[in-house]
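Q: I have a structure here, written as structure tokens, and I will follow up with some questions on it.
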């Protein structure tokens, strides 16, 4: 198989670049494209690639594509997705140009999850061309709404489509993740009652619930008589422990404040810096009208720069997966209303009902209501299961290292179908750039993943 991987590597890289250049962020639904035209284009692109390589292919309701090889009653599978989170701020390169520099490919989705999808296709192609005997069919399933609730794959499953007996996804890291925290995404809203202050402050921050925001902007409209005092307050804050921000006067009665953070996956808030919370800290130290200041100060007190949910009353942990984490992913404040989203990852031996009950009570006292956008229960896969044992064998042979079983705060497609586990794509010694600016992947690691996946397909299907 390695001979064919080497032979087709440049073609695989070209295919990955073509996929990255499709900006497949969730868009407006149409009758033909449930998650937007660009997302459907990305799906059709990889399915067409499978067809050109000689595989049996199909598309389920323009939501899930599949590429299949082999014969047999039973099927094993790889699950991936071609939708991506918004590019966000801070890129040094065009996030959808797929530039290659010093053997590294840059682009939104190169790791999450277009790179692994393309790697899986060429791994399957290497297995096909090798002529090795397998007893099960192998299917690559490609979803289109992983970043916004797993809707497509859930619909595929609930519609009684054929499911694999076991398989893997590749949407986090190696060696193997047999424990995934539960994931709650909440959309929260509160009215700002006093109409006299409506419009005095507008805030816009964040790009997605599951991303630590890197930028947030506020426009503060101030009476001319109060302008100089407000400017002095901002100048004092500039010397305080509030993170990085800039401000400028706009017109005779307006101040624009922009704050900057460090983007990161929403399941790893400890690795980033939340630009929205930087902004709320700045605004909380000024003399804004009380109805606006009250909600800002509540969010500063209840969330602030905490990531463990302590002040929200939901802090918890377990030995198997560690601490609960909280990320405030987006916030918008405009005339008469504030809305924000929370990404909460809770331990594997917990559940969401107690968390929701606590938040419903505490938020209710502040006039905040919320809607559950996404609730993915935790995942625990028995270390003695066949899929774990087989993939551990593959990792050991391919790397010469012992395949430790890990936990993660990320939610992957392993939660959607029984007997699936996350396997790759990031090796222990590599940088994690998923959901970050300048997301990137080395061609060497891309090739290593093709080899690992080819070995995994053979082990699971023989």
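Q: How far, in degrees from 0 to 90, does helix 37-52 lean away from the longest principal axis of the Cα atoms of the chain, to the nearest 10?
A: Between helix and principal axis, roughly 10 degrees.
Q: Only counting other Cβ atoms within 10 Å, I'd like 262, 105 sorted with the fewest neighbours first.
A: Ordered from fewest to most neighbouring Cβ atoms within 10 Å, 262, 105 come out as 262, 105.
Q: Per 5 Å bin, what percent of the C-alpha pairs of the stretch 183-376 does each bin hold, from zero upward?
A: All Cα pairs, binned at 5 Å, distribute as 1, 8, 16, 21, 19, 14, 10, 6, 3, 1, 0, 0 percent.
Q: For the peptides 297-309, 88-100, 447-459, what is the packing order when you average, over each peptide's residues, the other Cβ atoms within 10 Å and list the highest mean first?
A: Averaged packing, sorted descending, gives the order 447-459, 297-309, 88-100.
Q: If you don't mind, there's one more thing I want to ask. Sort 287, 259, 433 by Cβ crowding within 10 Å, fewest neighbours at the top.
A: Fewest-to-most Cβ neighbours within 10 Å comes out as 287, 433, 259.
Q: Within 10 Å of each residue's Cβ, count the other Cβ atoms and sort 282, 117 from fewest upward.
A: Least to most surrounded, the residues fall as 282, 117.
Q: What is the Cα convex hull volume of the stretch 333-462 when expressed per residue in Å³?
A: 153
Q: Could you give the angle, 0 to 90 degrees to the nearest 10, between helix 224-237's Cα long axis and the longest principal axis of the Cα atoms of the chain?
A: 50
Q: A follow-up question, please. Against the longest alpha carbon principal axis of the chain, how many degrees, from 0 to 90 and to the nearest 10, is the axis of helix 114-130 turned?
A: 0
Q: Quickly rank 181-192, 220-231 as a protection proxy: mean count of other C-beta atoms within 10 Å, highest first.
A: Packing proxy ranking, top to bottom: 181-192, 220-231.
Q: Oh, and also: Mind ranking 344-356, 26-38 by how tightly packed they are, going by the mean number of other C-beta atoms within 10 angstrom, highest first?
A: Descending packing order for the listed peptides: 344-356, 26-38.
Q: If you don't mind, there's one more thing I want to ask. When the helix-only estimate is applied to the chain (DSSP H runs of n ≥ 4, each -39,500 (n - 2.57), divided by the residue count), what is the mean residue ellipticity at 222 nm, nearest 500 deg cm²/dmol?
A: -10000 deg cm²/dmol
No value in this document is a laboratory result; all are computed from the given coordinates. Remember, predicted model here, so these are calculated numbers, not experimental data. Heads up, the Cβs are rebuilt from the backbone with ideal geometry, glycines too, and the neighbour counts pull from every protein chain shown.
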